[in-house]
Amino acid sequence: MPKQGYHHGNLRQALIEGALQLIELRGPMGFTLSEAAKQAGVTPAAVYRHFDGREDLIAEGALQGYEIFAERMETAYHSGQPSALKAFEATGRAYLAFARAHPGHYIAMFESGISVNRTPELAAAANRANAVLEQAAADLSQHIPAEKRPPASMFSAHIWALSHGVVELFARNSPGRASPFPADELLESGIGIYLRGLGLVDPDR
């Protein structure tokens, strides 16, 4: 890749995208700032004009990931309206679709060890994404008798954990690990079992 100069307008974004490509290939700890600079076509010194270090660069990738993720979750939620069930199921599918479409972002967000509280902007973006799933859970749980109704935060956390598990184990081609079922079917059936347990879908659904 030819060098594009220190001051071109897209240098910061080029560094982020270069880092995300390396994260996808090698993991969040599998590259150096020099390699990220080379991927972007600039000298290593140029990186420090925009980022304090590798963690700062990864955190920016995570921030952008959460922003994309939140937008996808919001779009999915609204696509299922006015049915609370369809809106809820759509957010689960959006989670899996995001992980497939943006693996570098996904790894930076969930596997890099970067705290979502590293910056106020990162925390806000992460909370925005979480709020969509929690709202979908709150909408759906209104159909459960109050005395049996789990908190919406617990409801959404269960589905988030299920979605994350399917992604980690079966949707990102982990070496040596394969599922006899497509990841989409695993997630859909898992969510279905969970919702049946809460009495939110018919037993034969």
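Specify the residue that is nearest to GLY27 (Cα to Cα); the eligible residues are those in segment 46-65 that are at pLDDT below 90 and touching a Ser or Thr at 6+ places or on another chain (Cβ under 9 Å). Reasoning before the result, please.
Initially, segment 46-65 is screened for residues at pLDDT below 90, giving 46-54.
This time we only want the ones that are touching a Ser or Thr at 6+ places or on another chain (Cβ under 9 Å), so: 47, 54.
Details: VAL47: 19, ARG54: 13 Å.
Top of the filtered list is ARG54.
Among the residues of segment 136-148, which ones are farther than 16 Å from GLU89 by Cα and either loosely packed, with under 13 Cβ neighbours inside 10 Å or at pLDDT 90 or above (or both)?
Our first condition is that a residue be farther than 16 Å from GLU89 by Cα; within segment 136-148, this holds for 144-148.
If the condition is that a residue be farther than 16 Å from GLU89 by Cα and either loosely packed, with under 13 Cβ neighbours inside 10 Å or at pLDDT 90 or above (or both), then PRO145, ALA146, GLU147, LYS148 are the ones that fit.
What tally of residues in segment 141-173 results from selecting those that are outside any helix (DSSP H, G or I) and touching a Ser or Thr at 6+ places or on another chain (Cβ under 6 Å)?
Of all residues in segment 141-173, those outside any helix (DSSP H, G or I) come to 142-145, 149-151, 172-173.
Next, only the ones that are touching a Ser or Thr at 6+ places or on another chain (Cβ under 6 Å) stay: 149.
Selection size over segment 141-173: 1.
In the list ALA97, ALA70, ALA84, which residue meets the criterion of being in contact with an Asp or Glu (Cβ under 6 Å, 6 or more places away or on another chain) and within 30 Å of HIS143 (Cα to Cα)?
On the way: ALA97 fails: in contact with an Asp or Glu (Cβ under 6 Å, 6 or more places away or on another chain); ALA70 fails: in contact with an Asp or Glu (Cβ under 6 Å, 6 or more places away or on another chain).
Unique residue meeting the criteria: ALA84.
Return the residues of segment 23-72 that are free of Cβ contacts under 8 Å to residues at least 24 places away in the same chain and open to solvent by less than 50 Å² (accessible area, probe 1.4 Å); say none if nothing qualifies.
If the condition is that a residue be free of Cβ contacts under 8 Å to residues at least 24 places away in the same chain and open to solvent by less than 50 Å² (accessible area, probe 1.4 Å), then GLY30, PHE31, ALA36, ALA37, GLY53, ASP56 are the ones that fit.
Determine if segment 124-135 includes at least one residue that is open to solvent by less than 60 Å² (accessible area, probe 1.4 Å), more than 24 Å from GLU188 (Cβ to Cβ) and either of a type in the set (D, E, K, R) or touching a residue at least 12 places away in the same chain (Cβ under 8 Å) (or both).
yes
The values are calculated or read from the model by the stated rules, or taken from the named source; none is laboratory data. Values in this document were obtained by computation on a predicted structure and should not be read as measured data. Neighbour counts are summed over all protein chains in view; Cβ atoms, including those assigned to glycine, are modelled from backbone coordinates with ideal geometry. Just the protein is used for accessible areas: all its heavy atoms, side chains included, with ligands, DNA and RNA removed. Shrake-Rupley method; radii C 1.70, N 1.55, O 1.52, S 1.80 Å.
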